[in-house]
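Beneath this line is the structure, given in structure tokens, with notes to follow.
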Amino acid sequence: MKKNTFTFVLLLIIGLVAGSLVGQLLASVPALAFLTKSVELSWDPKADLLVLKYDMHFQLKLNLISILGLVAAFWIYRKL
């Protein structure tokens, strides 16, 4: 497989999503609560330029498991 930016970004997104899914599955285990506690990061860019008006909302929820998924995706990319 050829290494390029698209492959890198795709693997990182897959790693984040997989880590978030595992985190949600482990949320019911009380002993692993420190791994599944999420932190929300949000950004709300807005503009009204009379001709063009936009309003976007970006939100990122990170937990320790999703960061581990991100690291695993980076490791897999390096192994390609």
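Going by C-beta contacts inside 10 Å, put Lys53, Lys2 in order with the fewest on the left.
Values: Lys53 9, Lys2 6.
If I rank by nearby Cβ atoms, fewest first, I get Lys2, Lys53.
Note down the relative contact order for the chain as a percent, whole number, built from C-alpha pairs under 8 angstrom at least six residues apart.
Working: 96 pairs, mean separation 33.9, N = 80.
Result for the chain is 42 percent.
What is the Cα radius of gyration of the chain over 2.2 N^0.38 Å, N being its residue count?
In units of the 2.2 N^0.38 Å rule of thumb, it is 1.44.
I need Ile13, Ile65 ordered by Cβ neighbour count within 10 Å, fewest first.
By the 10 Å Cβ count, ascending, the order reads Ile13, Ile65.
Measuring from label point to label point, each 7 Å out along Cα→Cβ, what is the Tyr54 to Phe6 span in nm?
Each label point lies 7 Å from its Cα, and together they span 2.2 nm.
What is the spin-label model distance, in nm, from Ser38 to Ala72 if the labels are put 7 Å beyond Cα along the C-beta direction?
It works out to 1.8 nm between the two label points.
Just so you know, all these numbers are worked out from the coordinates, no wet-lab data involved. Computed from a prediction, not measured in an experiment: that's the story for all the values here. We place every Cβ from the backbone using ideal geometry, glycine too, and count neighbours over all the protein chains shown.
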